[in-house]
1. Take the alpha-carbon centre of the stretch B:80-123, take the same for the stretch A:44-72, and report the distance between them in whole Å.
2. If you average the sequence gap of Cα pairs under 8 Å that are 6 or more apart and divide by the length of chain A, what percent do you get for the contact order?
3. Going by the alpha-carbon gyration tensor, a ≥ b ≥ c the square roots of its eigenvalues, is the stretch B:64-132 rounded (a/c under 1.5) or, if a/c is not under 1.5, prolate (a/b greater than b/c) versus oblate?
4. Cα centroids of the stretch B:218-246 and the stretch B:1-58: how far apart, whole angstrom?
5. Which entries of A:8/A:67; B:140/B:173; B:173/B:258; B:146/B:297 show an alpha-carbon separation above 29 angstrom in the structure shown?
6. Would the stretch B:28-76 count as rounded, prolate or oblate if I go by the C-alpha gyration tensor, calling it rounded below 1.5 in a/c and otherwise prolate when a/b exceeds b/c, oblate otherwise?
7. Assuming a ≥ b ≥ c are the square roots of the Cα gyration tensor eigenvalues, decide whether chain A counts as rounded (a/c under 1.5), prolate (otherwise, with a/b larger than b/c) or oblate.
8. What is the spin-label model distance, in nm, from residue B:290 to residue B:115 if the labels are put 7 Å beyond Cα along the C-beta direction?
Amino acid sequence: MNATLIEKLNGMDAETQEAMERSFMNDEETYLECVFDFLEDPSMQMLSDAVETRDEDAAARAVHTLKGLADSLGFMPLLDESADMLRAFRKGSSEEAFGMYENVRRVYDEFAEAIRSYR
Amino acid sequence: MNELKYTMLVADDTKVNRTMISRIFRDRYNIVTAENGLEAMEALRREKVDVMVLDIIMPEMDGFEVIAAVRADEKLKGIPIIITTAEREQSERRALELGADDFIYKPFDSVVVEKRVNNITQKYLLEREKMDILIREHEKRAAALKRQAEEDGLTGVYNRIGFRSCVRDNLKKHSAGSALLLIDVDEFKIVNDKYGHPMGDELLIRLAACFRDATEPGDVVGRIGGDEFAVFLRSAGSRQNALNKANALIFQAARIRKEIGLVENHSISVGVVYVHKPEEDLEALYQIADRALYIAKENGKGCAAVIEQADAGSAEKGDQPDVFQSIAVKYVSVDEYEAPNKLYADIAALVDHEIHGGALFLSAQEGYPIKYVSQTLVKALGYQNIEELKSVCDGKWEYLIVQEDRAHIVGILKRQLARKGHYLLEYRLRKKDGGIFYVRDNGMLGEPENGQPTLLCLCMDVGDIGE
């Protein structure tokens, strides 16, 4: 079942093998533990709340954390979307950044849905 | 499973990061985790942390604040800190300036993380272990020096300085119910002069060991002068207990002298002060015990005298101190009683301090007149005075009355009498009204009546056994 989840993630352009080798000492069990922890991480919810209240700082902090998470787990599409949003915040284009939220949300939900189905 | 020697604190608000770091180091460190800076500080104060991997951007208290707080804390400032940061955060410079030891980029490369953390911590831990060893050696040396300064080189017990220091500490906590015994080795000069100094040293060593063995954990034994010892009984509990302990030491001392080949029947003299109320003034207690020791020596040595702390106070106002005598010497050097006059002299010493005890030695034999009578005893028996008591003696009784804890003297006297061809018929003491005052097979008396003092009474018929 876990191999299937990894295949599923790879099918979503996640670089699971690279992430496992780089950050998890090739320990699949720990990697999958962290993949499931991804569902419990509050960053996405914090980002949604911040976007709703138009709180730039909070939104930038949340998307920063989300980006790091995606990077560590090798969720490349999510890494790309969150990196774009963070970059927009950093160059002061908050409206542009807020406009990217839906892309981040969509990719996040795809990963979350995939993982949840293997829980 | 091996117990891990070192502890790592991983502080990161993202659980995945905490898990990753823990995975890398879980085989070599006890891992403690924190979700923010405040939790990290709590963990640092709660646990003995050897290294910290610290995220910079965290809620509540960020990584910069944690570094500053740790480096400002005297107890924590030496802990190596490795920060974790995203490559483009550019926070490593500030963190290093604040005192972080190194940084690692996210996403973590487990090999880089492992190498960097190990490089930092191995150096630190090695230095700390060296320092710990130095500190332990220093402490050991300091303890050895202290011991040397406070220990008597010959006997291994405390010397005067050590004894006083230790007893002073004790008096601050345990003075009420304690007792101080000053001990003088009787005729020690004779031992040195007649048998040589090695024998004198042997006697001192054996006595010190005996005092140490005879005391309880927490009691203090010291050699405070050439042939002077002192014993502090932390929980004597009562004046009688303190006196009993002194008598036990006198008995042991006499045994030791015989064991090592000293033929003279000498022992030790003991002055005791019983401390029944809190007293931290060691000098005051010394003075009282010294007075008691003087009394013991005046009474022929080889015995103990005890003065209670409060009695000493009344003595200063001119009253007679309430002195309890011991005649322990009488059974450890019993051979001396081959000479009756010596026995008389010892009993006389006892009678002189008849407040709570006394002795009566009456003899019907020619040349052995009534010698000493305790007024306390005379009254206890119902007689008006000694003359009246004498008048009722029918010429065939000998009496010896000693303090209540001297039951063993009965056995000694039995042997004495047996050597003279006499035997002990019974123990009793006749009252004026013809009744028996107290009777016990072992010579011990029952409860005192009408406030009369409790005495051990021995009444002997020393007539010839004949056919």
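1. 24
2. Working: 123 pairs, mean separation 35.9, N = 119.
RCO, chain A: 30 percent.
3. Numbers: a/c = 3.16, a/b = 1.26, b/c = 2.51.
Cα axes put the stretch B:64-132 in the oblate bin.
4. So the separation of the two Cα centres works out to 55 Å.
5. Details: A:8/A:67 20 Å; B:140/B:173 27 Å; B:173/B:258 39 Å; B:146/B:297 35 Å.
Distance filter (> 29 Å) returns B:173/B:258; B:146/B:297.
6. On the way: a/c = 1.74, a/b = 1.18, b/c = 1.47.
Verdict is oblate for the stretch B:28-76.
7. Values: a/c = 2.28, a/b = 1.98, b/c = 1.15.
Prolate, since a/c reaches 1.5 and a/b exceeds b/c.
8. With each label placed 7 Å out from Cα toward Cβ, I get 7.7 nm.
Read-outs throughout are calculated quantities, based only on the coordinates presented, and are distinct from any laboratory measurement. None of these values were measured; they are calculated from a predicted model. We place every Cβ from the backbone using ideal geometry, glycine too, and count neighbours over all the protein chains shown.
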